[in-house]
1. Normalising by the residue count of the range 4-145, find the relative contact order in percent from Cα pairs under 8 Å and 6+ residues apart.
2. Relative to a virtual label point 7 Å from the Cα of ASN114 in the Cα→beta-carbon direction, which members of the range 124-154 show backbone nitrogen distances below 17 Å?
3. Accessible area per residue for the range 4-145 in Å², computed with a 1.4 Å probe and the full protein assembly in place, what is it?
4. With θ set to phi - 60° and the Karplus curve 6.51 cos²θ - 1.76 cosθ + 1.60, what are the ³J(HN,Hα) couplings of the range 377-391 in order, to the nearest whole Hz, using x for Gly and Pro?
5. For GLU26 and THR310, what does the FRET efficiency come to when R0 = 45 Å and r is the distance between their Cβ atoms, rounded to the nearest 0.05?
6. List the residues of the range 127-141 whose backbone N lies under 18 Å from a point placed 7 Å from the Cα of ALA106 along the Cα-to-Cβ direction.
7. So if each residue of separation counts as 0.36 nm, and I subtract the Cα-Cα distance between GLN368 and THR395, what length gain in nm does that give?
8. Exactly which trypsin sites (Lys or Arg not before Pro) in the range 326-408 are in a DSSP loop and have at most 13 other Cβ atoms within 10 Å?
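The values are calculated or read from the model by the stated rules, or taken from the named source; none is laboratory data. A quick note: this is a predicted structure, and the numbers were derived from the prediction, not measured. Cβ sites come from the backbone with ideal geometry, for glycine too, and all protein chains shown count toward neighbours. SASA here: full protein model, heavy atoms, side chains in, ligands and nucleic acids out. Shrake-Rupley method; radii C 1.70, N 1.55, O 1.52, S 1.80 Å.
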Amino acid sequence: MRKCKVFVGNSHPKLGKLVCERLGIEPAPCTLKNYVNGETSVQIGTSVRDEDVYVIQSGSATVNDHIMELLILVSACRGGSARKITAVIPQFPYSKQCKMKKHRGAITARMLANLLIMAGADHVVSMDLHASQMQGFFTKPVDNLYGGPSLAKWIRENVEDYQEAVVVSKNPGGTKRVTALADALKINFAMIHTDRRRSKDLYSQNRDLQQLKQRKQSMLRKNKPIVKQGETPNEEENIILTNGIQTARIRNGHVIGDEEEEEESVIEDFDSDVISIDGINSTALGETYDAIDSDDDEESEFVQKEKLITLVGNVRGRSAVILDDMIDRPSSIIEAAEHLIQNCGAKKVYVVATHGVFTGDSLELLEQSEAIHQIVVTNTYPIAEARINKSKKLTIIDVSAIFAECIRRDHYGESISVLFDSLAT
């Protein structure tokens, strides 16, 4: 490739080298180092005048240092009179902060987009942005590549009887992503909803046995559910709705049985219009004004003792594929997997995502979960070799070919949409 230079940052050198190998070129020489006082230094070792420059820098554990390194490298290329500068960011940092979650908050992803443009980037390439609307943060062209075709190919080749499998979204915010993969595979999908305001099902909260029986008779007439009798006369009956809704309780990050008593003082009052939990308010209609958001896998600042988890769909006797754009913290994934196995009758649970961030000991906790059969991610985010070798459930899909082909097509002015068509087949 003539008149083209590819610079590889320190965040994910392994992926950068794989991309360069597929392009048949060597990474352009540059010196990236940190001074003793913490400042970042960048020195370009070749001429970039009137050349197409591509800078590969992904998110990482030391994200702030590598963001600064990316900005300085882009600025240095702009100062070297490069014709066009493309920032290739496989996992876009701060992507979860793409909207204001609480009053006086910051939309940090938009600020980072502004910094990239001000540094001199003419084009941005990323993969599976946390929200596709983030492309509007930039005043320059953005190509949001998709990891879905690669994940779909792996599912076809490795999931037993994948035609009968079900793609599951662990929260309502990821439903669009899940339906896209389900349509590509021509299989069913389901959704999990975690209600943080209720700790028990409406029917089990009612202590009046006569009223409980009347409610169950009404359910029987309307929905014709499957009723499982209790072992003793005083034990409540278990209702399994035929409309594909299964509910369970979660306590301290794990699914618990119905026979366990509810801890006191978890829920104070649900008859009021506004519900307050440790000073965090939400309306009875589900509108929240705090940092807890269904789109994100963020942990709440307080320890929630108990909540309700509901599956909408049918996974009984089938393999379940929990899909998300990134795996950051493990709690919601473990809760979903346990619910699918213990209460919904799933045969196996696969956890599939594009970005394997695995903050802290997330990978180890997912590895220890008996409900999870396998964890599948791409190599957009750097994972230490020691953790990869130690893990028995982790599978990493190489997506360097997608970025290499994107760079080649962009350099020669070819259409990138054709790339998606070829990957989907």
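1. About 20 percent, as a whole number.
2. 134-140
3. 46 Å²
4. Residue by residue, the range 377-391 yields 9, 9, 9, 6, 10, x, 10, 4, 4, 5, 5, 5, 5, 6, 7 Hz.
5. Working: r = 53 Å, r/R0 = 1.19.
Plugging the Cβ-Cβ distance into 1/(1 + (r/R0)^6) gives 0.25.
6. Zone members listed by number: 137-138.
7. Working: separation 27, 0.36 × 27 = 9.72 nm, distance 1.55 nm.
In short, 8.2 nm is gained.
8. LYS392
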